[in-house]
Amino acid sequence: MAAEERMSTWSDATRIVREEEEVEPESEVQGESAAAAAGSSNNDNHSPNSPVALITAGSAGVGAATARLLARRGYRVVINFSRNTERARKVVGELQQLSCLPAHEIQNEHGNAYLAIRADLGSREEIGRLVCETVVQMGRLDVLFSNGGWTKFRDMTSIEDNTIEEDWDMCFNINVKSHLWLMQAAKEQLDRTEGAFITTASAAGIYPSGSSLAYSVTKAAQIHLVKNLAVMAAPKIRVNSVSPGLLLTEWSDRFSEQAKDAYRQKTKLKRFPTVEDVAEQVLTFAKSKSMTGVNIPLDAGFIV
Ligand SMILES: NC(=O)c1ccc[n+]([C@@H]2O[C@H](COP(=O)([O-])OP(=O)(O)OC[C@H]3O[C@@H](n4cnc5c(N)ncnc54)[C@H](OP(=O)(O)O)[C@@H]3O)[C@@H](O)[C@H]2O)c1
């Protein structure tokens, strides 16, 4: 990815992606903690009242569905993406339309209630920048929905096909480490707001299934990470995960129709869970002051 692409962010639905030289100098954002940036005297580009959610991998599938629900429920929302600027721009436009905030809070001289920020979840440095930019632009952070995941589809009947080292490295990097780096970067802000850190794990992390052995094992590690983080981040921050079964997103387009149908037939409820189901669960986690260290399977009864 070109340097200018990596560093581009944009802060409203109509603004063209900024060129690298127009972006805040990296040192000004990355050289101080998110909390310090938020508290700095020249940080007045936000309206401070409504809560703020940062949703990683937020321009499609589960992330976009959750962004829509949170916008309807009064949250200001930052969605993260890595490649498809146009798609992220469209989702931001939708969020503005769906918002229940008064018009003067959606867009005003202080900034915008809905933003998209490009950052690659495979890079710890970009994760730090993503959280810093979110706080600088929005002034606070109440919910971090850490929704990114990675897999390479492999033959789940073959050990040999599941021993590719690059798959394991990528899976650990995105499915486990990226969530830890996000938590670390956001902790100070979430402490201030007594906020929620929520991740999307997978039913494949609960029982042997899914797209690859590396995916299944690292999603199990993610669930365990979340439980440990719940202990470490208490008493102020609640940390939970949701584990969907097969969702009909772009991600699962890579399963054959036969495999998808076999999944549905095996569920007790004879249906696929939906991205809206996941979004509702994320909202519950965001609001509940009494849930932490929990992983909720949402698999339509695939395994009971
Ligand atoms: N779909 C399922 O059946 C299923 C089941 C269980 C769990 N899950 C989990 O649910 C989560 C979301 O999956 P989904 O099905 O909603 O995916 P999706 O529809 O394929 O959406 C992927 C999103 O991730 C972004 N993205 C991809 N690579 C990224 C990167 N390196 N850095 C930042 N953003 C990146 C994409 O934006 P760009 O294209 O612009 O980068 C897009 O916004 C994942 O953690 C997945 O493991 C999915």
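No lab work stands behind these numbers, since they all come straight from the coordinates. Computed from a predicted structure; not experimentally measured. A quick note on method: Cβ atoms are made from the backbone with ideal geometry, for glycine too, and the neighbour counts reach across all protein chains shown.
Quick one: of the DSSP bridges fully inside the stretch 45-148, what percent are antiparallel, nearest 5?
Antiparallel bridges make up about 15 percent of those DSSP assigns within the stretch 45-148.
What is the sum of charges around Glu194, taking Lys and Arg as +1, Asp and Glu as -1, for the other residues whose C-beta is under 14 Å from the C-beta of Glu194? Don't skip to the end; give the middle numbers.
On the way: positive: Arg140, Lys187, Arg192, Lys236, Arg238, Lys287, Lys289; negative: Asp142, Glu188, Asp191.
Net of charged neighbours comes to +4.
Would you mind checking the pairs Lys227/Lys266; Lys260/Lys287; Lys177/Lys270; Lys90/Lys289; Lys219/Lys266 and listing those with alpha carbons more than 26 angstrom apart?
Pairs exceeding 26 Å: Lys227/Lys266; Lys260/Lys287; Lys177/Lys270; Lys90/Lys289.
Take the alpha carbon gyration tensor of the stretch 149-304, find the square roots of its eigenvalues, order them as a ≥ b ≥ c, and report rounded if a/c is under 1.5; if not, report prolate when a/b exceeds b/c, else oblate.
Oblate.
Please list, ordered by chain and number, the residues whose modelled amide H lies under 5 Å from the amide H of Ser241; skip anything fewer than 5 residues away on the same chain.
Under 5 Å from the amide H of Ser241 lie the amide H atoms of Thr199, Val294, Asn295, Ile296, each far enough along the sequence or on another chain.
Quick one: 3J(HN,Hα) in Hz for the stretch 264-279, Karplus 6.51/-1.76/1.60 with θ = phi - 60°, rounded, Gly and Pro as x.
Result, rounded to whole Hz: 4, 4, 7, 6, 5, 8, 6, 7, 8, x, 10, 5, 5, 4, 5, 4.
Hey, can you grab everything whose amide H is under 5 Å from the amide H of Ile117? Only 5+ residues off in sequence or another chain; H modelled, so Pro and N-termini drop out.
Sorted by chain and number, the residues that satisfy this are Ile79, Asn80, Phe81.
Report the gain in length on full extension from Arg124 to Gln265: 0.36 nm times residue separation, minus Cα-Cα distance, nm rounded to one decimal.
Value of the extension gain: 46.7 nm.
Among 71-83, 220-232, 52-64, how do they line up from the highest to the lowest mean number of other beta-carbon atoms within 10 Å?
Peptide ranking by packing, descending: 52-64, 71-83, 220-232.
Measuring from centroid to centroid over Cα atoms, what is the spacing of the stretch 56-118 and the stretch 216-249 in Å?
If you average the Cα positions of each part, the centres end up 24 Å apart.
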